[in-house]
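A.B. asks: Can you read through this structure? Questions will come right after.
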Amino acid sequence: MNFENRIQQFSYLFTKADEKIARYILDHPVGDHFSTITSLAHVIGVSTSSITRFSHKLDYQHFQDMKFNIQHTYEKSDIQNVPLIKRIHEYHQTLIQQTGEFISNQKINQLIDILSNSEQTLFAGLGSSGLTATEFYYRTMRMGINGNAVTDAHQMKIGASLLSENDTLIAFSNSGKTEELISAAKIAQSQNATVIAITNYAGSELTANSDIVIMTIDQTRVNDKQFINTQISAHFLIDVVSYMLLERSNNMNRYQHTREVILKDNKS
């Protein structure tokens, strides 16, 4: 797992010193200050032991392990085009690459098994996350998976209150702090439904009220306020899930059937 993914995953463990180290490295990922642990500690203004503890919190064996991983992370591939297109391509490439190593195959398989066995699945999200929830619902609906998508705060609570122990709530929230989704998750759990959170951060109130947490990448790490696509990582995730679901012949047959119906209507 690369450095930025580790920062996102373990940030809830950080002390003030750890936050200072993380911010400096994120802002200055390459340079002579990385030649030794002493030079890095000096430029940040912390002790070498703080650097060592920081690397251990990120699940590195030692400083050199972290140093090598960071150097590998910031090796960039390029395309030939105008600067803006190259920049946006780099953003997409970075987020997709990091998502590809960040999401858990085990959690994806759990999600697929739950989706396949759930009597009803409620896909919930607000704003851009609501659009992702709706897209996920639309894909699974065409595979014959029963469910609904909700992007309204009141409907989330109502829908969650009607779930049972055989049903599932899938909650999309980048921050994990969306109050409406947290309320819906609590209600769903009170109904003994399974709650799956798809979010950027562990240790939030949403994850505390979820049975399964699937982590995605925080888009803000590209550090460009004009880049506002917050759903690349989540869409990568549902692409993987959709692909794996369609490996099952019954899901593929239903999906192909809906495709034929749509094409037939378009021709008539």
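A.B. asks: If we only count helices (runs of 4 or more DSSP H) wholly inside the stretch 1-88, which ones have 1 or more residues that are among the β-branched types (V, I, T), more than 26 Å from the chain's Cα centre (by Cα) and within 26 Å of E101 (Cα to Cα)?
C.D. replies: Here the list reads 48-57.
A.B. asks: Suppose we keep only residues that are among the charged types (D, E, K, R) and in contact (Cβ under 8 Å) with a residue 60 or more places away in the chain within the stretch 205-244. Which one would you say is farthest from G100 (Cα to Cα)?
C.D. replies: So the residue we want is D224.
A.B. asks: Being in contact (Cβ under 8 Å) with a residue 40 or more places away in the chain, among the aromatic types (F, W, Y), surrounded by fewer than 15 Cβ atoms within 10 Å (Cβ to Cβ) and over 20 Å from N223 (Cα atoms) is the requirement here; does Y74 meet it? Walk me through how you get there before you give the answer.
C.D. replies: Numbers: in contact (Cβ under 8 Å) with a residue 40 or more places away in the chain: yes; among the aromatic types (F, W, Y): yes; surrounded by fewer than 15 Cβ atoms within 10 Å (Cβ to Cβ): yes; over 20 Å from N223 (Cα atoms): no.
Against the criterion (in contact (Cβ under 8 Å) with a residue 40 or more places away in the chain, among the aromatic types (F, W, Y), surrounded by fewer than 15 Cβ atoms within 10 Å (Cβ to Cβ) and over 20 Å from N223 (Cα atoms)), Y74 does not qualify.
A.B. asks: For the stretch 143-160, what are the residues that are open to solvent by 30 Å² or more (accessible area, probe 1.4 Å) and over 13 Å from S183 (Cα atoms)?
C.D. replies: G144, N146, N148, T151
A.B. asks: Residues of the stretch 199-229 being open to solvent by 40 Å² or more (accessible area, probe 1.4 Å) and β-branched (V, I, T), which ones?
C.D. replies: T220, I228
A.B. asks: I've got another one for you. Any chance you could count how many residues in the stretch 111-123 are part of a helix (DSSP H, G or I) and of a type in the set (V, I, T)?
C.D. replies: Summing the residues that are part of a helix (DSSP H, G or I) and of a type in the set (V, I, T) in the stretch 111-123 gives 2.
A.B. asks: Could you please find all residues in the stretch 47-68 being farther than 19 Å from N5 by Cα and open to solvent by 30 Å² or more (accessible area, probe 1.4 Å)?
C.D. replies: If the condition is that a residue be farther than 19 Å from N5 by Cα and open to solvent by 30 Å² or more (accessible area, probe 1.4 Å), then S47, T48, S49 are the ones that fit.
A.B. asks: Return the pairs, sorted by first residue and then second, in which the second residue is outside any helix (DSSP H, G or I) and of a type outside the set (G, A, S), the first residue lies in the stretch 251-263 and is within 17 Å of I145 (Cβ to Cβ) and open to solvent by less than 100 Å² (accessible area, probe 1.4 Å), the beta carbons are less than 6 Å apart, and the residues are 6+ apart or on different chains.
C.D. replies: N251/M143; M252/L246; Y255/R142; Y255/M143; T258/R142
A.B. asks: Please go through the stretch 187-198 and give me each residue that is in contact (Cβ under 8 Å) with a residue 24 or more places away in the chain and surrounded by fewer than 20 Cβ atoms within 10 Å (Cβ to Cβ), ordered by number.
C.D. replies: Q191, N192
A.B. asks: Okay, moving on. Output yes when any residue across the stretch 217-234 is of a type in the set (A, V, I, L, M, F, W, C), within 25 Å of A193 (Cβ to Cβ), in a helix (DSSP H, G or I) and under 17 Å from the mean Cα position of the chain (by Cα), and no when none is. Write out each step before concluding.
C.D. replies: Restricting attention to the stretch 217-234, the residues satisfying the condition of being of a type in the set (A, V, I, L, M, F, W, C) are 217, 222, 227-228, 232, 234.
Among the residues that remain, those that are also within 25 Å of A193 (Cβ to Cβ) are: 234.
Going one step further and asking which of them are in a helix (DSSP H, G or I), we end up with 234.
Now restrict to residues that are under 17 Å from the mean Cα position of the chain (by Cα): 234.
Yes, some residue in the stretch 217-234 is of a type in the set (A, V, I, L, M, F, W, C), within 25 Å of A193 (Cβ to Cβ), in a helix (DSSP H, G or I) and under 17 Å from the mean Cα position of the chain (by Cα).
A.B. asks: Pull up the stretch 95-110, narrow it to residues that are part of a helix (DSSP H, G or I) and farther than 15 Å from H235 by Cβ, then point me to the one that is most open to solvent (accessible area, probe 1.4 Å).
C.D. replies: Only one residue tops the list, namely Q106.
A.B. asks: Another question, then. Working only within the stretch 117-140, note down all residues that are surrounded by 16 or more Cβ atoms within 10 Å (Cβ to Cβ) and under 12 Å from T168 (Cα atoms).
C.D. replies: Within the stretch 117-140, S118, Q120, T121, L122, F123, A124 meet the criteria.
A.B. asks: Another question about this same structure. So if I check each of F68, F123, F63, which one is within 23 Å of D218 (Cβ to Cβ) and among the aromatic types (F, W, Y)?
C.D. replies: F123 is the lone residue from the list that is within 23 Å of D218 (Cβ to Cβ) and among the aromatic types (F, W, Y).
The values are calculated or read from the model by the stated rules, or taken from the named source; none is laboratory data. Owing to the predicted nature of the structure, the values given are computational and were not obtained by experimental measurement. Note that each Cβ is placed from the backbone with ideal geometry, even for glycine, and that neighbours are counted across all protein chains shown. Note: areas computed on protein heavy atoms with side chains; ligands, DNA, RNA excluded. Shrake-Rupley method; radii C 1.70, N 1.55, O 1.52, S 1.80 Å.
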